[in-house]
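First the structure, in the form of C-alpha cells, and then the observations on it.
A short reminder: the numbers here are calculations on the coordinates, not readings from a lab. Bear in mind the structure is a predicted one, so any value in this text is a computation, not a measurement. Because the Cβ atoms are built from the backbone with ideal geometry, glycine has one as well, and the counts that use them run over all protein chains shown.
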Amino acid sequence: MSRLLEWLENGLLITDGAWGTELQARGLEPGALPDTWNLTHPDRVEAVARAYVEAGSQVILTNTFRANRVAMEGDLDAINRAGVEISRRAAAGRALVFASIGPTGKMLMEGDLAPEQARDAFTAQAAALAGAGADALLIETMSDIEEARLAVAAARTTGLPVVVSFAFDSGKNRDRTMTGATPEAVAAAMVEAGADSVGANCGVGVEHAAPICRRLRAACDLPLWIKPNAGLPKIEGDAVRYGTSAESFASHFAALREAGASFLGGCCGSTPDFIRALVRARCGSS
Amino acid sequence: MADTDELQEAVIKGDAKAAAAATQAALAAGVTPLSIVTEHLVPAMDEVGRRFECQDYFVPEMLLSARAMKASMEIVRPLLAASGAEPIGRVVIGTVQGDLHDIGKNLVASMLEGGGFEVIDLGVNVEPRRFIEAASSRNAGLVALSALLTVTMPAMKTTIDAFAAAGLREKVKIMVGGAPVTEQYANTIGADGYSESAAGAVALARRLAAA
C-alpha cells in the first residue's frame, strides 16, 4: 500500500487554510513575496502553521508556493528548506507536512518558457523540499496540463507521494481551468503522469467544489485533494473579504465527503476558524 | 478577396506563418494597410473573442490567435505609420504595483492591439507614477490596469487616486480587470470600466474611446 493510502486508512484528512492572508495579519506587506519570510520572519510563518495545527489540521502545507526559479529570485534552496523546517516544527508530529509547489506563472505555449526550464525549476524545488523532510509534495493551483506533467515528473524523482491540484475557475460553468482543461482531462492526464492524488484548489468558491469533485471521482480512482476558496472576494472599504463564513463553508463538508474528497481544507479567504468548523462538521456527521 | 479571407482564417486558427503570408499576399494584391486592420484583423479577433465567450476557445487558443495577429501587424504597422493613419485609440497597460502576473495582461494587450489600438505595455509591478508618466508623455486616452491577487487589487485604487492627485483623472479613461476584480470593485474605486474577459476588454475600450 502506498504511504498516501496508509495515511487515509482512517478516513478523510482535514488539511489547512490560506496562508497569505494569515501572514498579512502578522505584518506581511500587501504585494510582498510571502516565501521570503521563511528566512526573514520564520517565527511569524511558524505561528501561521501552528495556528492550523492547533485548529485541527492533519495535513499542513509549507510557505513555498512561489519558490521556483521561474516565479521568483533569491536563495530558493534556503527558502524551500526553511519552509519545510518551519512547518515540521509547527506540526511536531501532530500533522503531516505536504510541501507546496505552485505554477511558474508563465505559459509554456506562449513560448516564453521552455519545457526544460520549467522541468529544471520544479526538479530543484522538489529536491530541496524533499531533502528538508517533507512527507509529500503538493503541486497546486495548476492551469496547464503540460506544465503539471512536468511538475509531477520532477516531483516523482524524489520518491515522495505526489499530489497535484488544479484551479477550475474558467468557462461559463466555472468547471474548466484557465487553459480550458476539464476535470476529466485533468484526471486522465495526471493518472498517466503517475500522480498519487489529484484534486481541485482555489477556483471560485466552495459551492462549485462538489460537482468538480464528483467528476474527478468518476474519472479516476486516485484519492482526491479538495481545497476551495471561501467564495469570491468582496471589497469592503479598503479591505478584501470573502463571501463565505467558516460555518457556511463547513456546511459543505458532508457533500464534499460524499463526492469523494479524501483531503479537505480551504484556499483563499479561509482561516483557522474554517478548519475548526470542518473538524466540528466531521464530528457531527460521523 | 480569397487572400484576405485566408488572413482572417489564419488569425482565427492561430497560424502565425499563414497570417504573415496572407498579409503579404493581400498587400501585393493592393489591399490597403488600414483595411487589413479594420476589415480583416479586427473582425478575426472579434470572432476569436466570440469563440472564447462560447467556450469554444480558451486562453491557449486566444494566445495563438493573438500571436498570428501580431505577425500580420508587424508587417502592417510600419506601413500604417508611413501613411499617417491614426489608431482608434492609445492605451497604456500594465499590472499594478506589487503584482508580478502577466498572462492576463498580455492577453488583453494583444487583443487590444488586434482591435486596432496602439498599446503601450509597461509590464508588471508598475508604480502609479509610471502609469501617469506614460499616459501623459504618449498622450494616451486609455489606461488599463491588471491585478491577479486580492492583495494587489488595492493598488488599482492607489493608481486611480494618483491620477486624480496629479490633476489628470479627467484626461484619461481607466479600465480595470483581473481574476479577483469585479464590477462592484471597479465602481467602488472609481474606474471608468471593467471587463470580465480579454474579449470584453476590447469592446469596453472601444466604448470608452468613443465616449
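Tabulated data
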{"item": "Cα shape, the range B:1-114, gyration tensor, a/c 1.5 rule", "result": "oblate"}
{"item": "Karplus-derived 3J(HN,Hα), 6.51/-1.76/1.60, for each residue of the range B:53-61, Hz, glycine and proline x", "result": "4, 7, 6, 7, 10, 10, 3, x, 5"}
{"item": "Mean Cα-pair separation over length for the range A:3-285, i.e. relative contact order, pairs under 8 Å, 6 or more apart, %", "result": "18"}
{"item": "Residue-by-residue Karplus 3J(HN,Hα) for the range A:83-97, coefficients 6.51, -1.76, 1.60, Hz, glycine and proline x", "result": "x, 5, 4, 4, 5, 5, 4, 5, 5, 6, x, 8, 9, 7, 10"}
{"item": "Size of charge dipole - chain A - debye, nearest 20, with Cβ of Lys, Arg +1 and Asp, Glu -1, no other charges", "result": "640"}
{"item": "5 angstrom amide H check on A:R241, placed H, neighbours 5+ away", "result": "A:K234, A:I235, A:E236"}
{"item": "For B:139-151, mean number of other protein chain Cβ atoms within 10 Å", "result": "3"}
{"item": "Built amide H within the under 5 Å cut-off of B:K171, gap 5+", "result": "none"}
{"item": "DSSP-defined beta bridges in the protein assembly as shown - what % are antiparallel, rounded to 5", "result": "10"}
{"item": "For chain A, built as a Gaussian network whose Cα springs stay under 10 Å, the top-fluctuating residue of A:E116, A:E184, A:E85", "result": "A:E116"}
{"item": "Amide H within-cut-off set for B:A144, under 5 Å, with H built and near neighbours excluded", "result": "B:V92, B:I93, B:G94, B:M175"}
{"item": "Cross-link reach list, lysines versus B:K13, counting only Cα pairs under 26 Å and skipping chain neighbours closer than eight places", "result": "A:K106, A:K172, B:K70, B:K105"}
{"item": "Student exercise, the range B:2-83 dipole from Lys, Arg, Asp, Glu Cβ charges, in Debye to nearest 20", "result": "300"}
{"item": "At R0 = 30 Å, FRET efficiency that the Cβ-Cβ distance of B:A203 and A:E73 yields, to 0.05", "result": "0.20"}
{"item": "Dipole-positive endmost among B:T38, B:G123, B:A16 within chain B (Cβ charges, Cα centre)", "result": "B:G123"}
{"item": "In nm, spacing of pseudo-spin labels at A:K172 and A:R280 (7 Å Cα→C-beta vector)", "result": "3.9"}
{"item": "In sequence order, calculated HN-Hα J values of the range B:199-210 (Karplus, 6.51, -1.76, 1.60; Hz; x Gly/Pro)", "result": "5, x, 5, 5, 4, 4, 4, 5, 4, 5, 5, 7"}
{"item": "Gyration tensor verdict on the range A:3-285 (Cα atoms; rounded if a/c is under 1.5, prolate if a/b is larger than b/c, oblate otherwise)", "result": "rounded"}
{"item": "Prolate/oblate/rounded call for the range B:90-210, Cα gyration tensor, a/c under 1.5 rounded", "result": "rounded"}
{"item": "Selected from A:P211, A:P30, A:P272 as most flexible by GNM, with chain A as the system and alpha-carbon contacts under 10 Å", "result": "A:P30"}
{"item": "Rounded to the nearest 20 debye, dipole of the range B:138-211 from Cβ charges on Lys, Arg, Asp, Glu", "result": "260"}
{"item": "Efficiency of FRET between B:A25 and B:R130 - r from beta-carbon atoms, R0 51 angstrom, step 0.05", "result": "0.80"}
{"item": "Listed residues B:A140, B:A66, B:A166, most fluctuating in chain B (Gaussian network, C-alpha, under 10 Å)", "result": "B:A166"}
